[in-house]
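Participant: I'd like to ask you about the structure that follows.
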Amino acid sequence: MYISNIGLDEPQRLAVMAQLQARLSDALDLAAQLKQAHWNVKGANFHQLHLLFDTIFVATEAHVDLLAERIVTLGGTADGRVQTTTRATSLAAYPIDAKLGEQHASAIGRSLADFAASVRVDIDIAAEKGDAGTADLFTEISRSVDKHLWFIEAHLHS
Ligand SMILES: [Fe+2]
């Protein structure tokens, strides 16, 4: 924990940083899952989904950066190590046998929905701890993830 004049006390900062770190691990996992889908999707909607998964990957990479840099802003150390991500992610492991568009869309949809649910809880925790800046950061991510979940779920209607 580094000294900072940010105006939030140490217990506040520690509580919020724990949420940020948990979502950082999830977001790094989600980014890897999106590339997995981008590379391996097959079937009639190949091109559309190939591009969509990459669009969401780019947004997720931006979220990774927001989360990590907020941790450091609060005086902490962002832990983006692969080993930490593997241990800490709360997302289900990506199915290696996913092949067709629906299979990839449903796996990504589940991860996005789980991530979105966690971020919604984070918004409330950050607000409760008096850190409106972090609550706003989580809100921005939440809105983006919700939109991308819509894009994915639109592919799952028959
Ligand atoms: Fe690519």
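Participant: Need the failing condition index for ILE71 against (1) out of contact with any helix residue (DSSP H, G or I) (no Cβ under 8 Å at 6 or more places or on another chain); (2) among the β-branched types (Val, Ile, Thr); (3) away from the ligand (no atom under 16 Å from the Cβ), just the number.
Facilitator: (1)
Participant: From ALA37, ALA68, ALA18, which residue is under 21 Å from ARG120 (Cα atoms), buried (at least 17 other Cβ atoms within 10 Å of the Cβ) and of a type outside the set (Ser, Thr, Tyr)?
Facilitator: Details: ALA37 fails: under 21 Å from ARG120 (Cα atoms); ALA18 fails: buried (at least 17 other Cβ atoms within 10 Å of the Cβ).
Only one candidate qualifies: ALA68.
Participant: Quick one: in region 35-55, which of the residues that are of a type in the set (A, V, I, L, M) and not in a loop (DSSP other than H, G, I, E, B) is nearest to the ligand (Cβ to nearest atom)?
Facilitator: LEU51
Participant: When you go through GLY109, GLY80 one by one, which is the residue that is within 24 Å of ARG13 (Cα to Cα) and more than 16 Å from the ligand (Cβ to nearest atom)?
Facilitator: GLY80
Participant: Since TYR94 meets every condition but one in (1) under 12 Å from ASP26 (Cα atoms); (2) among the hydroxyl-bearing types (Ser, Thr, Tyr); (3) buried (at least 19 other Cβ atoms within 10 Å of the Cβ), which condition does it not meet?
Facilitator: (1)
Participant: Here's a follow-up. Collect the residues in region 56-68 that are away from the ligand (no atom under 16 Å from the Cβ) and without any contact (Cβ under 8 Å) to a residue 12 or more places away in the chain, keeping them in residue-number order. Walk me through it before giving the result.
Facilitator: Our first condition is that a residue be away from the ligand (no atom under 16 Å from the Cβ); within region 56-68, this holds for 62-68.
If the condition is that a residue be away from the ligand (no atom under 16 Å from the Cβ) and without any contact (Cβ under 8 Å) to a residue 12 or more places away in the chain, then ALA62, ASP65 are the ones that fit.
Participant: Report, ordered by the first and then the second residue, all pairs with beta carbons closer than 8 Å, sequence separation of six or more or different chains, a first member in region 127-153 that is at pLDDT 95 or above, and a second member that is surrounded by 15 or more Cβ atoms within 10 Å (Cβ to Cβ) and aromatic (Phe, Trp, Tyr).
Facilitator: These pairs meet every condition: VAL145/PHE115.
Participant: Related question: ASP79 is checked against (1) assigned to a helix (DSSP H, G or I); (2) in contact with a Leu (Cβ under 8 Å, 6 or more places away or on another chain); (3) of a type in the set (Asp, Glu) and fails just one. What number does that condition carry?
Facilitator: For ASP79, the failing item is (1).
Participant: If you scan region 87-103, which residues turn out to be within 13 Å of ALA32 (Cα to Cα) and in contact (Cβ under 8 Å) with a residue 24 or more places away in the chain? Spell out how you get there, then give the answer.
Facilitator: Of the residues in region 87-103, the ones within 13 Å of ALA32 (Cα to Cα) are 89, 91-96.
Of everything in region 87-103, those that are within 13 Å of ALA32 (Cα to Cα) and in contact (Cβ under 8 Å) with a residue 24 or more places away in the chain turn out to be THR89, LEU91, TYR94.
The values are calculated or read from the model by the stated rules, or taken from the named source; none is laboratory data. Predicted model only: the values in this text are computed from it and were never measured. Using ideal geometry, Cβ is built from the backbone for each residue, glycine included, and neighbour counts are taken over all protein chains shown.
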